[in-house]
Amino acid sequence: MPCDRALGQPADGFVTFLGALWPEAAAQGISRATFDAAFAGLTPDPRVLAAMQRAPEYGKPFGAYVESIVSPSRIGVGMRKMAQWVDTLRAAEKRYGVPDAMVVSIWGVESSFGDSTDRWDIFRCIATLAQAKIQAPYFHDELISALKILRSGRIARQQLLGSYAGAMGQTQFMPSSYLKYAVDFDGDGRADIWTSVPDVLGSIANYLQNYGWQPDLPWGFEVLAPRAFDYRVSRGSFRDWAARGFERLDGGRLPDNGDAILFFPSGAPGPTFLVTQNFVVLKTYNNSDAYALAVAHLADRLRGGSPFRTAWPLNDFQPSRAARIALQKKLAAMGYKVTDFDGHLDFDLRDDIRKLQQSYGMIPDGHPGRAFFQRLGLSAS
Ligand code: CA
């Protein structure tokens, strides 16, 4: 079966799609030669759409996800990489203010320190997603950005490889992120996030700095809550939290400076964290609390830190993506401010969930559990 029929498009759908794209690309300064170099002989790839549908779910238990990412082998390899690239990491920290372990952690999670190789042609997979209007206009815009990378002439056409969803190289940057944040950190004149480790490390640090990473601010800590406290209070300075009786579980002191949010990823019975704005910055790399916590924890472990002390709940309930979206719609209908309807729960929304939990007589921990969904008349799966 021809690919384009498998997509449910007319046989000439892709030609029509490219025909409509060309004037727009030309208006953005893309030459016909660049456009043809990108798309000559290309057909849509139905495997890309199938892979998108299998994309990782949100509903996985938090602890199992964190432990799969922060594995002994990833910690071991990461420590060796930190030693191997110590000078580059020091230079990146000096320039961008992001600690070595955090940069290496993201490198390790995104591409297993460059071991996972990209297999998908960027133009083919992004054009397939753009033509199918997945998350429109997101992939359409990324396609224009990919053309701009090719136009620069610094990266060869055949080097433009990525994941099926268009994330490229050892940093897993989308084309628009490459244009904004990739840096030439080894000084050879091109930002090569596919094969140059210095460029990879510098680009990750530059990305985080641009999203507001604050030097000398920790991402947060696993904490022990006092016996009694007001669950409704979710914000404060570290000094406030110390005064309220919260303690770090690794034995260190809470810092004198900085603000933190009280976060229960699996509800009140599970591990408890105080997280800072730098934790929120980690979520710009991948908008998931589980991702941010895994990356942050791996960074601690690369510095010799200990595993989390509190056990994850055996029935670690996490609502599915569909359930989160339904919850967002419900909260918006109830008059709460909801900033996206993609299923991401930010800390403001968790505060609103606390208010509702309080009014329902539940522990206001900001974690929407099964009973909370039931009370709202929503399915949690
Ligand atoms: Ca370079």
Going residue by residue through the range 211-221, is there one that turns out to be under 30 Å from Gly162 (Cβ atoms), in contact (Cβ under 8 Å) with a residue 12 or more places away in the chain, within 16 Å of the ligand (Cβ to nearest atom) and not charged (D, E, K, R)?
no
Pairs returned, first residue in the range 170-189 that is at positive phi, second residue that is within 16 Å of the ligand (Cβ to nearest atom) and modelled with pLDDT of 95 or more, beta-carbon separation under 9 angstrom, 6 or more apart or interchain, are Gln172/Ile193; Gly187/Pro198
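Test Ala228 against the stated conditions and say whether it is over 27 Å from Tyr360 (Cα atoms) and either open to solvent by 70 Å² or more (accessible area, probe 1.4 Å) or within 28 Å of the chain's Cα centre (by Cα) (or both).
Numbers: over 27 Å from Tyr360 (Cα atoms): no; either open to solvent by 70 Å² or more (accessible area, probe 1.4 Å) or within 28 Å of the chain's Cα centre (by Cα) (or both): yes.
So Ala228 does not fit the description; no.
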Tally the residues that are surrounded by 12 or more Cβ atoms within 10 Å (Cβ to Cβ) and in a loop (DSSP other than H, G, I, E, B), restricting the search to the range 29-53.
6
Residues that are within 19 Å of Leu298 (Cα to Cα) and assigned to a loop (DSSP other than H, G, I, E, B): does the range 203-211 have at least one?
no
Of the residues in the range 245-288, those that are assigned to a helix (DSSP H, G or I) and either in the same structural domain as Arg370 (by TED's automatic domain parsing) or open to solvent by less than 10 Å² (accessible area, probe 1.4 Å) (or both) come to Asn278, Phe279, Val281, Leu282
Looking at the range 198-209, which of its residues are near the ligand (Cβ under 10 Å from one of its atoms) and either closer than 14 Å to Glu110 by Cα or open to solvent by 10 Å² or more (accessible area, probe 1.4 Å) (or both)?
Pro198, Val200, Ser203
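Quick check on the range 357-371. Is at least one of its residues closer than 16 Å to Tyr65 by Cβ and modelled with pLDDT of 95 or more? Working first, answer last.
Taking the range 357-371 first, the residues closer than 16 Å to Tyr65 by Cβ are 367.
If we keep only those that are modelled with pLDDT of 95 or more too, we end up with 367.
Scanning the range 357-371, I find at least one residue that is closer than 16 Å to Tyr65 by Cβ and modelled with pLDDT of 95 or more, so the answer is yes.
Give me a count of the residues in the range 170-189 that are near the ligand (Cβ under 6 Å from one of its atoms) and either part of a helix (DSSP H, G or I) or surrounded by fewer than 17 Cβ atoms within 10 Å (Cβ to Cβ) (or both). Please lay out each step first, then the result.
Residues of the range 170-189 near the ligand (Cβ under 6 Å from one of its atoms): 184, 186, 188.
Now restrict to residues that are either part of a helix (DSSP H, G or I) or surrounded by fewer than 17 Cβ atoms within 10 Å (Cβ to Cβ) (or both): 184, 188.
Going through the range 170-189 one residue at a time, the tally reaches 2.
Does Ala91 satisfy being assigned to a helix (DSSP H, G or I), within 16 Å of the ligand (Cβ to nearest atom) and in contact (Cβ under 8 Å) with a residue 24 or more places away in the chain? I'd like the intermediate steps shown before the answer.
Working: assigned to a helix (DSSP H, G or I): yes; within 16 Å of the ligand (Cβ to nearest atom): yes; in contact (Cβ under 8 Å) with a residue 24 or more places away in the chain: yes.
Here the answer is yes, as Ala91 does meet what is asked.
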Note on the range 151-169: residues within 11 Å of the ligand (Cβ to nearest atom) and among the basic types (Lys, Arg) are Arg154
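The values are calculated or read from the model by the stated rules, or taken from the named source; none is laboratory data. Values in this document were obtained by computation on a predicted structure and should not be read as measured data. Here Cβ is always computed from backbone atoms with ideal geometry, including for glycine, and neighbour counts include all displayed protein chains. Please note that ligands, DNA and RNA were not included when accessible areas were found on the heavy atoms of the full protein model with its side chains. Shrake-Rupley method; radii C 1.70, N 1.55, O 1.52, S 1.80 Å.
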